[in-house]
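A short write-up of the structure that comes next.
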Amino acid sequence: GVEILKGLGIEHAMVNAGGDIATRGAPTPEGWPIGVTVADGELTIGLTGGAMATSGRDKRTWRSQGRARHHIIDPMTLLPSESDILRITVLAGDAVMAETFATALFVAGAEQAVDEAAALGLAAIVVTDDGRTLMTGVEA
C-alpha cells in the first residue's frame, strides 16, 4: 500500500484497510490524527510513520449453541479466545507486525498483553471486559 505510493513519488501517505492503518511520513509534526476507542471515549493518536491494527471481539460476533462467539481463535483450544480483552490496538513498524501482535496479544489477556507489548517496545491500548483502559508506550 504505502510503499506503492512511495514509488509514485508520494512522500506522505496513509492507507486504511478495514481499520488497519499503514502510514508513510506524516503531513504535520503531530502525525496523522487517528481516533482509537477506549473505555471512556476516544483517544487521538498522532501516527508518524508505521502502522496500527486493532483486534477485538466487539464487532464480528455471532451466537452458536447459546454462546457468544467471535473470530479470534485461541491456538491452544482451537476455539474463540476467552481473553479478558474486549479490544486491543497495537502500533508497530508495519501493518503485518501490527496485525500479528494485536491478535497474539489479544489471546494472551490484558495484563500479559501490556507486559509483552512493553517488553517488545510496542505501543498498545487495551480495553478490558470490565471497562478499564490499559496502555503502554502511548501518551494519553
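Projected onto the charge dipole of the chain (+1 at Lys/Arg Cβ, -1 at Asp/Glu Cβ, origin at the Cα centre), which of 72, 32, 134 gives the Cα projection farthest towards the positive end?
About the Cα centre, the residue reaching furthest to the positive side is 72.
Once you place label points 7 Å from the Cα toward the Cβ at residue 48 and residue 63, how far apart are they in nm?
Here the answer is 4.8 nm between the modelled labels.
Nearest 500 deg cm²/dmol is fine: what mean residue ellipticity at 222 nm does the chain get from its DSSP H runs of n ≥ 4 alone, each adding -39,500 (n - 2.57), divided by its residue count?
Numbers: 3 runs with 31 residues, N = 140.
Computed mean residue ellipticity for the chain: -6500 deg cm²/dmol.
Give, in whole angstrom and from largest to smallest, the semi-axes √(5λ) of the equivalent ellipsoid of the chain, with λ running over the eigenvalues of the Cα gyration tensor.
Values: eigenvalues 156, 54, 36 Å².
Each semi-axis is the square root of five times an eigenvalue, giving 28, 16, 13 Å.
In square angstrom, rounded to the nearest 10, how much accessible surface does residue 12 have for a 1.4 Å probe?
80 Å²
The values are calculated or read from the model by the stated rules, or taken from the named source; none is laboratory data. Note that this is a predicted model, so its numbers are computed, not measured. For neighbour counting, all protein chains shown are included, and Cβ atoms are generated from backbone atoms with ideal geometry for every residue, glycine included. With ligands, DNA and RNA removed, areas are computed over all heavy atoms of the protein, side chains included. Shrake-Rupley method; radii C 1.70, N 1.55, O 1.52, S 1.80 Å.
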